[in-house]
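Q: Pasting a structure below so you can have a look.
Bear in mind that the values in this text are calculations on the coordinates, not laboratory data. Please read these numbers as outputs of a predicted model, since none were measured by experiment. Because the Cβ atoms are built from the backbone with ideal geometry, glycine has one as well, and the counts that use them run over all protein chains shown.
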Amino acid sequence: MVFGREKDDSEGIEHVPSPQDNPSDQTSDIIALNEKASNEHDDLPTIPKPEGDAPVNSELDPDNPLIRYSRAELLEIATQFAVDNDLADKAEAFRKGALVAQDPSGFENIDILDDDDRYWLNREITNKWDHPMKVYYLVVCCSLAAAVQGMDETVINGANIIFPAQFGIKEDSGVVSRKSWLLGLVNSAPYLCCACISCWMTDPINKVLGRKWTVFWTCFWAGATCFWSGFVNTWWHLFIARFFLGFGIGPKSATVPVYAAECAPPRIRGAMVMMWQMWTAFGIMMGYVMDLAFYYVKDRGTIVGLNWRLMLGSALIPALLVCIFIVKCPESPRWHLARGEIRKSFECMREIRHTDIQAARDTFYAHVLLIEENEMKKGKNRFVELFTVPRNRRAAWASFIVMFMQQFCGINVIAYYSSNIFMESGFGAIQALLASFGFGAINFVFALPAVYTIDTFGRRALLLATFPLMAIFLLFAGFCFYIGQNDPTHSHARVGLIALGIYLFSAVYSCGEGPVPFTYSAEAFPLYVRDLGMSFATAVCWLFNFVLAVTWPSLLAAFTPQGAFGWYAAWNVVGFFLVLCFLPETKNLTLEELDKVFSVPTRVHMKYQFNAFKINIQRTILRKDVPKPPPLYAHEAGIGGTSHWSSKPQPNANTAEFV
């Protein structure tokens, strides 16, 4: 583990300083930590490496790079760090913060802290929701951006009942035709744009604009294209308008969760990031509300289809609210750190922490771990490293799984076509819209418990618990289409049980596969490839979203509702085993410390999890007295404990010795 580096002027590369480089002073020669206005992670200010690799404080967390420094060395480094980055007036805060970062749980024994410092550090533990109002203001803005996303997705639901007949693409029930494919294409247009173009623009846009202004401009664009959608008069013009809506959806969906994750304190990071999904669910519900509100609007003058035009244009309102409110939010401190802008990073961090010492601690430690993270870089193209560096590849694969399964669990088929599905079951048009509103309301209400459970039970546990239930409820809903097939409009049992199956499916989804994917993907990648990683994850999400939206009308006609629901129920079973094999747990770890989790080779993880699964069945179902397996990760075993992986021979995390 190395994080002190110097420039070799003769070769133009960085190397690790050794005692022979400076025999007169091996430990206290502080390398200048000058702030750099650079967009490249390579140019981060550096910190000197102590003599030798052995920890000076072996009783502390072995994964903390600061344990290799003595108290005197760390105080000197922190002081110089503050001075060289135009933060000399905060030097004492950085001295205290560095010691707390070295031993977070032992702050009560740090003598240079005063009672006020200890009070606020202790309050972080005892009152995890006590944070400056700016944190919650940022949460509100991110939540509004998520609501924009939800409305962008579902206002088309009610319009699907109306505009196809006006544009000549109304599908014939039970027949796969050109019209059913065109309807699917119009619905899926934004997601085609997201998967092929806009999600991949996230990295350059974020690099130039930052997180905050990326959210601002994507919401502005989304609002403008929703307004445009209300003025089209052909199916292909609506397709174009919705395709351009994708430029607002894609980068926003990749940026907002990362923005929330980078600003959130670790103990509530999962809850803050999952606000994205919860308020997306709220936006989905509001989309159905708009569908109901405008359904009976009459045409005016020469305007034909004023009701569905108002439905599509209504998503403009929350987009404008985001543009107004987000201007007052701080930028992501870690975005400034990646640019070498240390002072700006501290100033932004200070807005979302109660005290100088908390802001200094988080800024200093994030910077140190960022330099550690830089060691994983191989000097290649970052996109290539996303898949060739094993730690990055494991994160990409895990993110692919959760994003793929968010779509192929079947939820968005219901979100986009629920009105059509309910009409197929026997509802009338307005009853179908009301039933769709019920689906959206359940989706939102049952996302509320996830604020607590996602950081309590963990991301992996929620997925393993909910995938089997989602499969069961989809099968239940599908089989209920067999009831009253000869006269569906007069079969109350049919419509009631189908609605029940869909509602139960939605409730379970909202507790698991709903909030987890964007939370997981936002935290899984190291900072230097985080924008690219999130671009990849959201592109996967929207690609398969497009596949679902464009194929559902034809799939429904070819498979019948029973077969179509059974198809996605089977994918939920597949999802359970994919999560079991390939998804490490990430709850309650700092973004930077997740490197250790994703350094465990895939084959080791798979073998351990299958063995643990077998043991859990023996213990819980067969009631056998079988000992639990040792924890897989060092942080699960605790300081001084023994984990399954730490007892194994350790390969280099950046080699391909293990997959």
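Q: Got a sec? How would Ser345, Ser314 order by Cβ neighbour count within 10 Å, fewest to most?
A: Lowest count first: Ser314, Ser345.
Q: Can you sort Ile414, Ile125 by how many other beta carbons sit within 10 Å, fewest first?
A: Going from sparsest to densest Cβ surroundings: Ile125, Ile414.
Q: What's the extension gain from Asn486 to Asn233 if we count 0.36 nm per residue and subtract their Cα-Cα distance?
A: 87.3 nm
Q: Also, I was wondering about something else. Could you please rank Thr255, Thr302, Thr620, Thr388, placing first whichever residue has the fewest other Cβ atoms within 10 Å of its Cβ?
A: Numbers: Thr255 29, Thr302 5, Thr620 9, Thr388 14.
So the ranking, lowest neighbour count to highest, is Thr302, Thr620, Thr388, Thr255.
Q: Here is a follow-up. As a quick test, which of the pairs Lys607/Lys628; Lys207/Lys587; Lys134/Lys207 have an alpha carbon distance above 21 angstrom in this structure?
A: Lys207/Lys587; Lys134/Lys207
Q: Still on this model: With θ set to phi - 60° and the Karplus curve 6.51 cos²θ - 1.76 cosθ + 1.60, what are the ³J(HN,Hα) couplings of the range 504-511 in order, to the nearest whole Hz, using x for Gly and Pro?
A: Coupling constants for the range 504-511: 5, 4, 5, 5, 5, 4, 5, 8 Hz.
Q: Is there a pair in Lys128/Lys624; Lys96/Lys328; Lys328/Lys596; Lys170/Lys252; Lys90/Lys128; Lys128/Lys212 whose C-alpha atoms are over 27 Å apart, and which pairs would that be?
A: Checking Cα-Cα distances, Lys128/Lys624; Lys96/Lys328; Lys328/Lys596; Lys170/Lys252 exceed 27 Å.
Q: Using the 2.2 N^0.38 Å rule of thumb for compact globular proteins, work out how the range 271-335 stacks up: its C-alpha Rg over that value, please. Each step should come with its number before you reach the end.
A: Details: Rg = 16.6 Å, N = 65, 2.2 N^0.38 = 10.7 Å.
Normalised Cα radius of gyration, the range 271-335: 1.54.
Q: In addition: No solvent, one uniform scatterer per C-alpha: report log10 I(q)/I(0) for the range 138-225 via the Debye equation at q = 0.16, 0.19 1/Å, two decimals.
A: -0.78, -0.95
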